[in-house]
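Inspection log for the structure reproduced underneath, given as structure tokens.
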Amino acid sequence: MNIKSFLTNKYTLSLVILFACLFVDIILHKGMSRVIIPSSFTDKWTPQNITSCQNTLISSSKKWNKAIDNLTLIQNLPNDAAGFECDVYFDVRSNAFYVYHDSANISTLELDSLLSVYKKRDLTSSLWLDFKNLSAGNAQASLSKTIELRKKYNLTNKLIVESNNIKYLSSFCDSGFFTSYYTPYFNPYKIKEDDLVKDLALITENLKKYPVSALSGYYFQYPVLKRFFPNFPVLTWTDKSNISLISRYFNSHLENDDQIKVVLYPY
């Protein structure tokens with residue numbers, strides 16, 4: 001078959017178009033494509049056998065909704081939603097959690113108000129609190145407030161308390177909360193091996209000092225967390241595109257991985 005015949009043949013032309021679309025899909029979702037391909041990352045560090053905080057989390061599905069940070073979103077959340085995440089800052093002076101993502105867009109919406117809608121709608125979803133400012137100055141007061149909210153809104157075994165300040169998650173663990181250490185940012189596919197080992201050493205040191213229930217990180221960190229910290233469930237977040245074969249395969253891969261506890265998707 002000559003080139004002209006090849007290009008005018010409807011079957012071969014369809015095949016060319018299919019491979020071209022797949023190539024573009026891989027390029028557009030190269031981060032997901034990397035994660036799909038197995039990698040050992042480094043032989044300079046071994047998987048760690050570290051005791052976790054053995055608290056329970058109720059969840060009917062791994063698929064949770066990301067950034068439910070205002071009343072409109074909670075009012076429209078599906079009744080059967082397994083769980084949702086919201087970003088909170090604790091204010092000691094008012095003894096309240098405020099719901100917003102970053103300090104550039106401060107909100108006066110209290111978590112209590114968000115949960116009032118939750119209760120009014122008889123939702124049963126679990127809740128991931130991305131605790132942005134947990135510190136020595138608010139650790140005790142915020143714990144007391146979280147215990148109060150747990151009781152008020154019937155959230156026993158339905159709360160994840162997440163922070164990058166692992167030291168102050170210990171008291172939440174001791175009080176029966178499912179806690180997650182938001183691991184330091186690193187991209188294992190872009191950093192040098194020695195730098196990755198340093199990150200793994202830091203995470204290991206923190207986990208040995210301060211037990212938590214799970215680890216959370218970007219989707220491209222998940223293979224590293226899974227490999228080197230097999231005792232810990234992994235919480236992560238990613239995008240989802242039904243028209244992308246790579247995205248669909250990748251998300252199916254996450255859903256079928258027993259170590260993945262929760263995946264956040266944009267709502």
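The values are calculated or read from the model by the stated rules, or taken from the named source; none is laboratory data. Predicted model only: the values in this text are computed from it and were never measured. So basically every Cβ, Gly included, is an ideal-geometry build from the backbone, and we count neighbours across all protein chains shown. Protein only, heavy atoms only, side chains kept; ligands, DNA and RNA dropped before computing areas. Shrake-Rupley method; radii C 1.70, N 1.55, O 1.52, S 1.80 Å.
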key: When residues of segment 86-108 are limited to those that are free of Cβ contacts under 8 Å to residues at least 40 places away in the same chain and assigned to a loop (DSSP other than H, G, I, E, B), the one most open to solvent (accessible area, probe 1.4 Å)   = Arg93
query = So how many residues does segment 169-193 have that are open to solvent by 20 Å² or more (accessible area, probe 1.4 Å) and free of Cβ contacts under 8 Å to residues at least 40 places away in the same chain?
reply = 8
request  = Can you confirm whether segment 222-230 contains a residue that is free of Cβ contacts under 8 Å to residues at least 60 places away in the same chain and hydroxyl-bearing (Ser, Thr, Tyr)?
outcome  = no
query = Does at least one position in segment 165-173 carry a residue that is more than 28 Å from Thr124 (Cβ to Cβ) and modelled with pLDDT under 95?
reply = no
Hits in segment 154-195 (condition: in contact with a Ser or Thr (Cβ under 6 Å, 6 or more places away or on another chain) and of a type outside the set (Ser, Thr, Tyr)) = Asn157, Lys158, Ile160, Val161, Glu162, Leu169, Phe172, Cys173, Phe178, Glu193
note = Residue count, segment 119-130, condition under 20 Å from Phe177 (Cβ atoms) and either open to solvent by less than 10 Å² (accessible area, probe 1.4 Å) or among the charged types (D, E, K, R) (or both), comes to 7
query = Out of the residues in segment 134-193 that are in contact with a strand residue (DSSP E or B) (Cβ under 7 Å, 6 or more places away or on another chain) and either part of a loop (DSSP other than H, G, I, E, B) or among the acidic types (Asp, Glu) (or both), which is farthest from Glu85 (Cα to Cα)?
reply = Asn138
note = Selection from segment 195-221 of residues open to solvent by less than 10 Å² (accessible area, probe 1.4 Å) and without any contact (Cβ under 8 Å) to a residue 40 or more places away in the chain yields Ile203, Leu215, Gly217, Gln221
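Consider segment 115-133. How many of its residues are in a loop (DSSP other than H, G, I, E, B) and either out of contact with any strand residue (DSSP E or B) (no Cβ under 7 Å at 6 or more places or on another chain) or closer than 18 Å to Asp80 by Cα (or both)?
Selection size over segment 115-133: 5.
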task = Report, by residue number, each residue of segment 132-168 that is surrounded by 14 or more Cβ atoms within 10 Å (Cβ to Cβ) and among the hydroxyl-bearing types (Ser, Thr, Tyr).
result = Ser135, Ser142, Thr146, Tyr153, Ser163, Tyr168
